[in-house]
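Everything on this sheet refers to the single structure shown next.
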Amino acid sequence: MIKRIALLLLLSIGSAQAEPLPVLTRDGLQALTLAQTSIALHSVSGANNQTVDVAELYRKTLIKGGFPAAWITVTRLNDTAYMVLRWPGQEQGLKPLVISGHMDVVAASPSDWTRDPFTPIVENGYLYGRGASDMKMSNALAITALIHLRHEGFKPKRDIVLALSGDEETAMKTGQILADMFPDAREVLNLDVGGGTLDEATGQPLFYSWSGAEKTYADIGLMVTDPGGHASEPRTRNAITILAKALLTIQAHPFRPELNALTRSYFLNAARFTSPKLASAMRVFAASPDNAQAVAVLRATPSLVGATGTTCVVTMIKGGHALNALPQHAAANINCRIFPGHSRSDIIHELTAIIDDPSVHIEDHSQGSVETQPSPLSGPLPTAVTRAAQQAYPNIPVFPTMSSGASDSMWFREKGVPSYGASPIFMKASDDFSHGLNERVPLSTITPGLHFMLSLVTDLSQN
């Protein structure tokens with residue numbers, strides 16, 4: 001079945017492609033085919049979840065690529081699965097190198113997309129489909145790189161572990177299991193975070209940024225209840241308007257601007273590659289995070305607001321029970337991304353204080369999230385990732401950053417294992433449609449992405 005899907009996908013390229021494909025090596029074509037075949041599998045939590053099929057696809061690809069079946073396990077958990085490849089190193093006793101990623105994707109409705117999200121299409125230099133950038137191309141590049149090294153007779157000094165979770169986009173239980181399996185890892189390369197940025201006009205490389213920390217994920221519920229009544233007899237108190245007032249208060253609340261070593265490095269380095277106004281704000285903020293003008297400029301920029309401190313935004317709302325009745329219930333979910341150094345309870349206390357209304361009930365609804373501190377900026381990773389990025393694009397600037405999203409890295413950091421976001425994807429910021437409509441990844445990332453992976457895995461598994 002998998003072979004048939006792969007053949008159909010390759011045949012579909014010619015009919016959809018208006019521009020010629022970039023020249024790809026055999027490894028590059030293998031990575032593209034693997035990415036396409038995995039995108040066609042509906043690895044979404046719930047009914048018809050095919051994450052286990054993605055795991056089996058990867059397992060069979062690795063075995064065909066020369067890895068013994070005994071080195072690879074696929075373990076089911078409810079409707080999903082996680083996969084582990086452990087490539088033994090030559091020197092037992094050394095801590096393993098763990099390569100982390102996930103096989104599941106967020107839901108996508110075909111009626112909303114221009115192209116069917118689970119029918120991968122190569123068009124005008126891009127691979128379209130749910131999971132193209134988050135993160136089935138990254139998985140394909142990692143697996144292809146490992147197979148290449150195996151074919152070349154490479155012998156790592158320390159064990160190389162490929163650990164792919166199956167519910168990173170939802171409950172994150174399999175990521176926690178994987179962290180429990182490898183608490184002795186020397187470091188974790190999380191291919192879901194970080195990456196290279198290309199110039200919007202020319203497509204040429206601007207910089208590569210790797211992540212050494214992430215913000216804490218939190219879902220905070222707000223609920224207002226009321227006896228309600230007949231809509232023809234309005235009252236001073238209304239559950240929906242009380243909730244609305246609380247939501248507007250949160251929207252207007254300026255959480256304290258903050259910096260750490262990672263975000264300061266990012267602002268100072270990335271300022272070289274943006275507009276003069278934004279660059280000035282980035283440099284001022286890096287020197288003085290309480291500068292109101294700089295904060296205003298950065299917080300008006302969606303890609304940067306998360307790096308300036310904690311953010312909280314309403315993501316869901318529901319209320320009322322009848323069109324002709326006063327509401328008895330109104331509720332909302334506030335999604336917060338909390339700057340390292342603060343707990344979820346700290347933020348709940350802050351929200352409680354600014355809402356200042358005891359009738360608004362506030363609860364922590366977060367599941368599968370833990371608070372972690374940044375990973376060390378020392379060690380072998382910074383040098384190795386710089387060398388790897390410059391294998392992909394010579395002389396490209398490389399510097400650290402902090403991720404605003406949550407990932408499986410938190411489970412490893414919770415155990416004291418250094419975890420770093422080091423995606424092999426190089427793309428324009430405007431091409432990033434992860435979790436959104438018409439997700440895509442440029443085919444131009446395949447060759448440099450393979451160079452990046454080959455260099456990074458070789459370096460970190462030999463030293």
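The values are calculated or read from the model by the stated rules, or taken from the named source; none is laboratory data. Just so it is clear, the model here is predicted, and its values are computed rather than measured. With ideal geometry, Cβ positions are generated from the backbone for all residues, glycine too; neighbour counts draw on all protein chains shown.
At a glance:
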| item | result |
| --- | --- |
| Every residue from region 43-94 that is small (Gly, Ala, Ser) and either in contact with a strand residue (DSSP E or B) (Cβ under 9 Å, 6 or more places away or on another chain) or assigned to a loop (DSSP other than H, G, I, E, B) (or both) | Ser43, Ser45, Gly46, Ala47, Ala55, Gly65, Gly66, Ala81, Gly89, Gly93 |
| Unmet requirement for Leu94, which otherwise passes all of (1) aliphatic (A, V, I, L, M); (2) touching a residue at least 12 places away in the same chain (Cβ under 8 Å); (3) under 18 Å from Thr170 (Cα atoms) | (3) |
| Matching entry among Asn438, Asn463, Asn395 (being out of contact with any helix residue (DSSP H, G or I) (no Cβ under 7 Å at 6 or more places or on another chain) and buried (at least 16 other Cβ atoms within 10 Å of the Cβ)) | Asn438 |
| Qualifying residue in region 71-84 (condition: within 26 Å of Gly421 (Cα to Cα) and either over 25 Å from the mean Cα position of the chain (by Cα) or not assigned by TED's automatic domain parsing to the domain that holds Pro424 (or both)) | yes |
| Residue in region 388-400 that is small (Gly, Ala, Ser) and at pLDDT below 95 present | no |
| Candidate set: region 144-193, residues that are of a type in the set (Gly, Ala, Ser) and at pLDDT 95 or above; chosen: the one nearest to Arg59 (Cα to Cα) | Ala163 |
| Within region 359-377, considering residues that are among the aliphatic types (A, V, I, L, M) and touching a helix residue (DSSP H, G or I) at 6+ places or on another chain (Cβ under 6 Å), the one surrounded by the most Cβ atoms within 10 Å (Cβ to Cβ) | Val360 |
| Filter pass, Pro117 being buried (at least 21 other Cβ atoms within 10 Å of the Cβ), out of contact with any strand residue (DSSP E or B) (no Cβ under 6 Å at 6 or more places or on another chain) and either modelled with pLDDT of 95 or more or under 23 Å from Gln30 (Cβ atoms) (or both) | yes |
| Helices (runs of 4 or more DSSP H) completely within region 257-358 that count 1 or more residues being surrounded by fewer than 16 Cβ atoms within 10 Å (Cβ to Cβ), over 26 Å from the mean Cα position of the chain (by Cα) and aliphatic (A, V, I, L, M) | 276-287, 292-299, 344-355 |
| Extreme residue, nearest to the chain's Cα centre (by Cα), among residues of region 222-245 that are among the small types (Gly, Ala, Ser) and part of a loop (DSSP other than H, G, I, E, B) | Gly228 |
| Residue in region 398-411 that is farther than 30 Å from Ala246 by Cβ, without any contact (Cβ under 8 Å) to a residue 12 or more places away in the chain, surrounded by fewer than 23 Cβ atoms within 10 Å (Cβ to Cβ) and not acidic (Asp, Glu) present | no |
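Matching residues to (1) closer than 12 Å to Ser100 by Cα; (2) without any contact (Cβ under 8 Å) to a residue 40 or more places away in the chain; (3) not assigned by TED's automatic domain parsing to the domain that holds Thr25:
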{"residue": "His148", "(1), (2), (3)": "no, no, no"}
{"residue": "Gly153", "(1), (2), (3)": "no, yes, no"}
{"residue": "Arg158", "(1), (2), (3)": "no, no, no"}
{"residue": "Leu162", "(1), (2), (3)": "yes, no, no"}
{"residue": "Gly166", "(1), (2), (3)": "yes, no, no"}
{"residue": "Thr170", "(1), (2), (3)": "no, no, no"}
{"residue": "Ile177", "(1), (2), (3)": "no, no, no"}
{"residue": "Phe182", "(1), (2), (3)": "yes, no, no"}
